[in-house]
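The values are calculated or read from the model by the stated rules, or taken from the named source; none is laboratory data. Predicted model only: the values in this text are computed from it and were never measured. Methodologically, a virtual Cβ is constructed for each residue, glycine included, from the backbone with ideal geometry; neighbour enumeration extends over all protein chains shown. Heads up: the accessible areas ignore ligands, DNA and RNA and are worked out on the full protein's heavy atoms, side chains in. Shrake-Rupley method; radii C 1.70, N 1.55, O 1.52, S 1.80 Å.
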Amino acid sequence: MSQQHKEMKSVKVHSKILNLDYTVFIQDETCPSQQRCHIMTVHDVGCDYTSFQHLVSCPEMAELKNRIIWIHVNLPGQEPNAADLERSYPTVQELAQELILVLNHLNLHEVTVLGEGAGANIAARFAMQYPNRCLGVALVHPTGATASFFQVFKEKINHLLEPARSHHMAEGDEAFLLWHRYGQSNMENQLVQSNIKEFQDKLYHNRNAKNLSLFIESFFNRTNINERLCELHADVLIVVGKKASAEEECKKFYRALYDTRRDDMKKLTNSALLEIDDVADVIGEAPDKIALALQFFLQGIGLLPAMPMKKELPGLGRMSKRFSMDEADRLHH
């Protein structure tokens with residue numbers, strides 16, 4: 001999956017409230033003659049900005065890459081080879097609230113946000129907090145409910161038995177991250193094997209294990225936003241792999257969102273759930289589906305209207321004006 005990438009501009013955006021820095025990378029390979037828009041990405045636990053950099057650089061994303069300026073956010077302490085953080089880690093709500101500093105620093109009034117896993121939870125919170133600054137939000141494997149008691153309890157026991165250190169990944173953290181990202185993947189698939197090896201290499205050679213452990217704990221301590229999705233006014237795309245560990249949680253998130261929008265056909269039309277067969281890590285395994293889904297979504301919210309649509313994408317019919325309430329009810333139940 002490793003590729004050569006064009007040099008990107010990077011900036012540090014300091015939060016006085018958190019006393020921490022967001023490291024932001026700008027991936028701009030757009031054609032000046034094309035209509036352009038901005039997408040801000042927020043990565044998952046165990047990852048950094050390079051997960052989205054790799055995605056954007058896939059051949060399947062070429063048409064979008066030519067038209068989108070990508071703003072890849074590294075959450076505090078999660079950048080490659082980060083120094084130890086000397087404070088408790090912010091809550092996911094605090095991380096979301098302070099993301100507005102990135103837009104302000106770059107003089108951007110509004111963006112579309114793309115988040116994965118923990119980053120999807122943060123992206124949704126950002127959209128809820130700043131409805132006038134968010135054009136739309138694309139969420140890969142979002143979880144809106146609180147973590148289970150067993151999950152939180154197990155994580156606390158693991159940390160008591162084996163505290164994370166800067167360069168030592170706790171076995172419990174690694175086991176969680178592999179399950180979180182790869183779920184029920186086909187481990188005999190060569191692409192999956194390659195992706196897992198690259199992911200593990202980065203865990204052991206690029207990640208600050210102590211900071212990562214703090215981020216995992218923050219994610220586990222998240223509050224429930226499923227019950228507040230009436231505050232999410234932006235259009236939403238939800239993408240989930242059918243073999244993902246979070247599949248059921250993503251469906252719960254969509255059902256909660258659907259319940260707030262079922263009486264508003266305009267909002268419902270651009271609130272799509274795409275389930276991708278036979279994959280867990282949709283970014284690593286299905287970039288073609290992600291590319292098409294993003295194009296449908298962006299054009300559905302009025303962006304990139306001149307970009308030609310090359311083919312249909314099954315599962316996104318609800319973004320069409322032909323989508324019926326019967327179809328929504330079948331999905332809902």
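Listed residues K311, K267, K251, K289; which is modelled with pLDDT under 90, part of a helix (DSSP H, G or I) and basic (K, R)?
K267
Taken together, the residues in the range 55-64 that are within 17 Å of E285 (Cβ to Cβ) and open to solvent by 10 Å² or more (accessible area, probe 1.4 Å) amount to 4.
Inspection of the range 67-89 identifies at least one residue that is open to solvent by less than 40 Å² (accessible area, probe 1.4 Å) and among the basic types (K, R). Taking the criterion of being within 22 Å of R222 (Cα to Cα), open to solvent by less than 10 Å² (accessible area, probe 1.4 Å) and touching a strand residue (DSSP E or B) at 6+ places or on another chain (Cβ under 9 Å), the residues of the range 15-54 that qualify are S15, Y22, M40, T41, V42, H43, D44, C47, D48.
Residue-level analysis places A83 outside the set of residues that are under 13 Å from the mean Cα position of the chain (by Cα) and not β-branched (V, I, T).
Would you check which residues across the range 221-237 are assigned to a loop (DSSP other than H, G, I, E, B) and surrounded by fewer than 19 Cβ atoms within 10 Å (Cβ to Cβ) and list them?
We begin by selecting, within the range 221-237, every residue assigned to a loop (DSSP other than H, G, I, E, B); these are 221-225, 232-234.
Listed by number, the residues that qualify are N221, T223, N224, H233.
Of everything in the range 167-201 that is within 19 Å of the chain's Cα centre (by Cα) and free of Cβ contacts under 8 Å to residues at least 60 places away in the same chain, the residue that is farthest from Q78 (Cα to Cα) is I196. Selection of first residues in the range 252-269 that are without any contact (Cβ under 8 Å) to a residue 12 or more places away in the chain and of second residues that are among the hydroxyl-bearing types (S, T, Y), restricted to Cβ pairs under 9 Å at least 6 apart or on distinct chains, gives the following pairs, ordered by first then second residue: R261/S271.
Just so you know, in the range 139-154 the residues that are within 25 Å of F126 (Cβ to Cβ) and not small (G, A, S) include one that is modelled with the lowest pLDDT, and it is V152.
Mind listing just one residue for me: the one in the range 98-113 that is assigned to a helix (DSSP H, G or I) and open to solvent by 60 Å² or more (accessible area, probe 1.4 Å) and, of those, farthest from Y130 (Cα to Cα)?
So the residue we want is H105.
K251 falls short on exactly one of the conditions (1) open to solvent by less than 10 Å² (accessible area, probe 1.4 Å); (2) within 17 Å of the chain's Cα centre (by Cα); (3) under 24 Å from H233 (Cβ atoms); (4) not hydroxyl-bearing (S, T, Y), and that condition is (1).
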